[in-house]
Structure formats: C-alpha cells, structure tokens
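The values are calculated or read from the model by the stated rules, or taken from the named source; none is laboratory data. As the structure is a computational prediction, the values presented were derived from the model and not from experiment. So basically every Cβ, Gly included, is an ideal-geometry build from the backbone, and we count neighbours across all protein chains shown. Accessible surface is based on the protein model in full, side chains and every heavy atom, while ligands, DNA and RNA are left aside. Shrake-Rupley method; radii C 1.70, N 1.55, O 1.52, S 1.80 Å.
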Amino acid sequence: MSYADGFVAAVPAENKIAYTEHARRAAEVFKEYGALRVVETWGNDVPEGKMTSFSMAVKARPDETVVFSWIWWPSKAVRDAGWEKIMADPRMSPENNPMPFDGKRLIYGGFDIIVDL
C-alpha cells in the first residue's frame with residue numbers, strides 16, 4: 001500500500017527561488033531513494049483562520065508564504081529505508097543544501113493512504 005509524507009512550512013517570500021532550488025535538489029535525492037512523486041506547492045490562496053489555519057500552524061509572518069509539500073512512496077517500508085539513506089546522504093546536509101526557511105516551524109508527518117482516486 002502507498003504511503004505519503006506531508007510537510008507545511010513558512011518560507012520568506014523573498015526566498016521563493018532559493019526554496020525552489022532547495023526543493024528540486026532534495027526531490028532528486030528522494031526519487032533516487034524510492035519516492036514515486038515529490039510535489040512542492042507555493043501558497044497563493046491560503047486563508048487566515050479564526051481558530052486554525054496553515055499560517056497559524058507554522059506561525060507564518062506577514063513576509064512569509066506557506067508551502068505545502070508531499071512525497072509519495074510505494075510503501076512505508078520503502079519510505080523508512082529511503083529516509084535512512086536520505087538522512088545519511090551528504091547532498092542533504094545543511095552545508096550542501098541549506099534550508100531557506102526556519103526548520104523549527106516545519107510541520108511534517110507520515111500518512112497511510114486511505115483514498116486514492
């Protein structure tokens with residue numbers, strides 16, 4: 001059964017190009033280690049909520065944009081093995097592929113796919 005990792009982050013709007021380059025480099029590594037698909041999105045219609053919202057969840061500042069990303073894996077086993085290799089890959093080190101956003105406000109998690117139409 002397929003498996004997905006999901007991510008939400010706040011990225012300074014001025015870092016859109018740097019973020020895109022960072023994401024492309026990372027996507028190549030994810031694909032090399034078994035990901036079927038890597039999708040990165042840049043928010044352009046992300047409403048503020050009164051109780052909850054993407055922006056509130058990542059404590060986005062007015063000069064930041066919310067990004068929503070996911071990685072599709074063939075299974076959790078492939079994902080787990082892939083992540084182990086990804087974390088050890090020097091291409092993913094902060095020196096080689098620095099994050100152009102505050103990683104402390106990144107929200108992420110792994111998810112079983114329950115509907116895929």
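A few remarks follow.
- Per-residue [θ]222 nm for the chain (sum of -39500 (n - 2.57) over DSSP H runs n ≥ 4, rounded to 500): -9000 deg cm²/dmol
- Accessible area in square angstrom per residue, the range 3-111, 1.4 angstrom probe: 62
- Put simply, the C-alpha atoms of the range 1-116 give a gyration tensor, and the ellipsoid matching it has half-axes of 24, 19, 11 Å, longest first.
- For the peptides 81-94, 2-15, 42-55, the ranking by mean Cβ contacts within 10 Å, running from highest to lowest, is 2-15, 81-94, 42-55.
- The C-alpha atoms of the chain define a longest principal axis, and helix 16-32 lies at about 20 degrees to it.
- Surface composition of the range 8-68: carbon and sulfur make up 53 percent of the accessible area, probe 1.4 Å.
- Note: relative contact order over the chain, using C-alpha pairs below 8 Å and six or more positions apart, is 49 percent.
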